[in-house]
1. At a Cα cut-off below 18 Å, give the aspartates and glutamates reachable from K20, other chains included and same-chain residues fewer than 8 away excluded.
2. Between E16 and I32, what is the spin-label point distance in nm, taking each point 7 Å from the Cα along the Cα→C-beta axis?
3. So, for segment 160-210, what is the accessible surface per residue at a probe of 1.4 Å, expressed in square angstrom?
4. If I take every Cα pair under 8 Å that is 6 or more residues apart in segment 1-125, average their sequence separation and divide by the length, what percent do I get for the relative contact order?
5. Among Q107, Q30, Q137, determine the one that fluctuates most according to a GNM of the chain built with springs between C-alpha atoms less than 10 Å apart.
6. With label points built 7 Å along Cα→Cβ from the Cα atoms of D419 and Y182, find their separation and express it in nm.
7. Using the Karplus equation 6.51 cos²θ - 1.76 cosθ + 1.60 (θ = phi - 60°), what ³J(HN,Hα) coupling, rounded to whole Hz, does each residue of segment 84-96 give in order, writing x for Gly and Pro?
8. Would you tally the net charge around R2, using a Cβ to Cβ cut-off of less than 12 Å, leaving R2 out, and scoring K and R as +1, D and E as -1?
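The values are calculated or read from the model by the stated rules, or taken from the named source; none is laboratory data. These figures come from a predicted structure and were not determined experimentally. Neighbour counts run over all protein chains shown; Cβ positions are idealised from the backbone, glycine included. Protein only, heavy atoms only, side chains kept; ligands, DNA and RNA dropped before computing areas. Shrake-Rupley method; radii C 1.70, N 1.55, O 1.52, S 1.80 Å.
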Amino acid sequence: MRILIKQVTIQDSRSEFFGKRMDLLAENGQWIEISASIQASADVVIEEKDASWSPSVVDLRVHHTLPGGEFREDWSTLQAAALHGGVLDMVLLPTGEPVAQTAESIQFIRQKGFHAMAPLTLDNKGENFAELFDLHQSGASWFGHGAGSLQHVDLMAKCLQYLQTLPVTVVSRPDTVSLSMYGQIHEGLQSTLQGLKGIPVLAETLSIKRDLDLLRYVRTHDFGGASSSFKLHFSCLSSAESVELIREAKAEGLPVTSDVAVHQLVFTEAAVADFDTNRKVFPPFRTEADLEALWNGIKTGVIDAVVSDHHPIEFESKAVEFDHASFGTIGLETLFVAFAQAAMDRKIKHALDFISLKPAQLLGIQLPELKVGATCQGLVFTEEPQEPYAESMIKSKSKNSCFLGHTFAHQIRYVIQGDSLTKN
């Protein structure tokens, strides 16, 4: 099949055509011509007003509901939601029931086309180690404690000590459970006004400080056996102090990386003033100053990637009083459009790298570059006003999006993967 894409602005920062408007011609899943104007026959001609080309999206944080959570998301709806959002690579958290903690289960997920994060401990209970080496041998290069942070200090230290010898990434979504327990929203003005127990910033920063101290300890006791590719990754930063802690750790030379969920870059604590349970997320939306600090972290390279933190929740667990509602929002379908809009409004240089090339690098994969002879993989998007985001637009089985009612300025029109073309 021949695909001709007319007059798109190239948003692949690696390409020699970056920032230029070009015609692109592909045949049998490979680019065969890239020039200012192509006059050639094609099976499909794509010509959209104000269109751009971007590498496909890489999402480092997707809550895994399978098996056991098919009522929230199944394989087909997960894949449909990802494709609709231009996400062709994603990391599934070790959050299924049962947890994917055998070599066979990791390989099964990989065969499905996903990247599996393996658990640090059996069943995420924080009691006994998972078979870490065997899981790595089966293809797992990322390890985490379910969707959160391993609270057992000695176990976390030993996990870091053992895994630092391998080219892997240990993930922590920083939280001190004894401080955040029963909390509902950010501890601040809104929690006071609404009479809800707050989740303090300290719950996050204390966890980061602990893990950084543990990392320093194991690095000074590695006996020369540490892998140069080992990293400790902090996921879903939400506060200004957290950004500073990561900044200082990187300046110190520690092998540390971080990400932020896209909704944390859009909303503040004011977003839950009306008790909208779809905006009850963890970590919670914080202050305007925190939001600005997160953006500064992106601009200065302290934050390495932006994620969706896609967390499908069934209707019944959101259609209740706020303090009884489950935490979480879906986000696979809105990661690209939400971040593109917010980042371009702030004139972030090479903005789309934070949801494509940078997370790909962290994951250890190479996205195809836009050049003749390379595999076609990416998306065509346009800048055009859309209708307010509604449940009817959602491909995911769960509809708990914090962006419901939000108007996006961009729309993904086509997703191309090899010889496969999907129109949204």
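1. D12, E33, E47, E48, D50, D353, E369, E383
2. For the pair E16/I32, the computed spacing is 2.0 nm.
3. Roughly 40 Å² per residue, with all protein chains present.
4. 20 percent
5. Residue with maximal mean-square fluctuation among Q107, Q30, Q137: Q137.
6. In this crude spin-label approximation the distance works out to 6.2 nm.
7. Values, residue by residue: 4, x, x, 8, 9, 9, 8, 9, 8, 5, x, 10, x Hz.
8. So the surrounding residues net to -4.
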